[in-house]
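Q: Sharing a structure here in structure tokens format.
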Amino acid sequence: MIKIINLLPELLGTYGDQGNVATLTWRLTQRGIENQVIQASARNPIPTDGDFYFLGGGEDDAQVAAVELLRRDGALEKALKNGAHLFAVCAGFQLLGNTFYADGKELKGLGLLDVDSIPGDRRFVGDIKTEFTGMDIELTGFENHAGQTVLGPNALPLGKVKVGFGNGDKKYDGAINGNIFGTYLHGPILARNPEFADLLLNRAIGRKYTTFEDPVAN
């Protein structure tokens, strides 16, 4: 059983990024792999036994509320120590870092990615294409953010920007640290880039299954 946790969908579900959850569970089901989606709302404790955790995009107030809820009981950190994968988009990506800005104020993030997000000199909007770090895969999506994210020494970029702004520098998008992935690509990214969705699945399923046949044509 692969367990997918959709984190705080009522707060960080503004830009359709919950489609990433739908894409992942569809591809698992097509392979005959049993899976379960849990909507981890603000009213309930966050499960610590999930395989995948997703954070989507949202507005400043929702972002502030989300980081406070995620910090509350340390459940996300426990899940990651258990080997879970975490995938975050836009506002979700920013709050995983060391610091981020909301409503003009610098706030402390969760510190799960070595990045800092600061206000940009413009809003970064439009189509984006990147080259995924470490593999010959192009990722496409749509970006819409006002923050600029700076990578620290312990974070790798998720991708190299070919078209668009990415983290705001027109060089890189997102960040990776172990099983933690952050990006500015909406779309949703996993629906637009099925080979990337399968990459994530292979990483997790490799811990539980000895073989992984892919009947889905990309």
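Q: How about the stretch 26-87: which GluC sites (Glu not before Pro) there lie in a loop by DSSP and see at most 16 other Cβ atoms within 10 Å?
A: 34, 59
Q: Compare the Cα positions of 52, 185, 96 along the charge dipole of the chain (+1 at Cβ of Lys, Arg; -1 at Cβ of Asp, Glu; about the Cα centre) and return the one farthest towards the positive end.
A: 52
Q: Can you give the accessible area of residue 165, probe radius 1.4 Å, in Å² rounded to 10?
A: 30
Q: So, one more: At what distance in nm do the modelled label points of residue 61 and residue 191 sit from each other, each positioned 7 Å from its Cα along Cα→Cβ?
A: 2.7
Q: Continuing with the same structure: For the stretch 1-133, build the charge dipole from Cβ charges (+1 Lys, Arg; -1 Asp, Glu) around the Cα centre, then report which of 107, 24, 87 sits farthest towards its positive end.
A: Comparing the listed Cα positions along the dipole, 24 ranks first.
Q: Net charge around residue 46, counting only other residues with Cβ within less than 15 Å of its Cβ (Lys, Arg = +1; Asp, Glu = -1)?
A: The answer is 0.
Q: Between residue 122 and residue 171, what is 0.36 nm times their sequence separation minus the Cα-Cα distance? Round to one decimal in nm. Walk me through the numbers on the way to the answer.
A: Values: separation 49, 0.36 × 49 = 17.64 nm, distance 1.62 nm.
Extending this stretch completely gives an extra 16.0 nm.
Q: For residue 34 and residue 202, compute 0.36 nm times the residue count separating them, minus their Cα-Cα distance, and round to one decimal in nm. Please report the intermediate quantities before stating the final value.
A: Numbers: separation 168, 0.36 × 168 = 60.48 nm, distance 1.47 nm.
So the chain would gain 59.0 nm between residue 34 and residue 202.
Q: Please report the relative contact order for the stretch 24-100, taking Cα pairs under 8 Å with a sequence separation of at least 6, and give it as a percent rounded to a whole number. Numbers along the way, then the final one.
A: Working: 64 pairs, mean separation 28.0, N = 77.
Rounded, it is 36 percent for the stretch 24-100.
Q: What FRET efficiency, computed as 1/(1 + (r/R0)^6) with R0 = 41 Å and r the Cβ-Cβ distance, is obtained for residue 160 and residue 14, rounded to the nearest 0.05?
A: 0.90
Q: Which whole number of Å³ per residue matches the convex hull of the alpha-carbon atoms in the chain?
A: Normalising the Cα hull of the chain by residue number yields 109 Å³.
The values are calculated or read from the model by the stated rules, or taken from the named source; none is laboratory data. Since we're looking at a predicted model, the values are computed, not measured. No Cβ is skipped: glycine too gets one built from the backbone with ideal geometry, and neighbour counts run over all protein chains shown. Please note that ligands, DNA and RNA were not included when accessible areas were found on the heavy atoms of the full protein model with its side chains. Shrake-Rupley method; radii C 1.70, N 1.55, O 1.52, S 1.80 Å.
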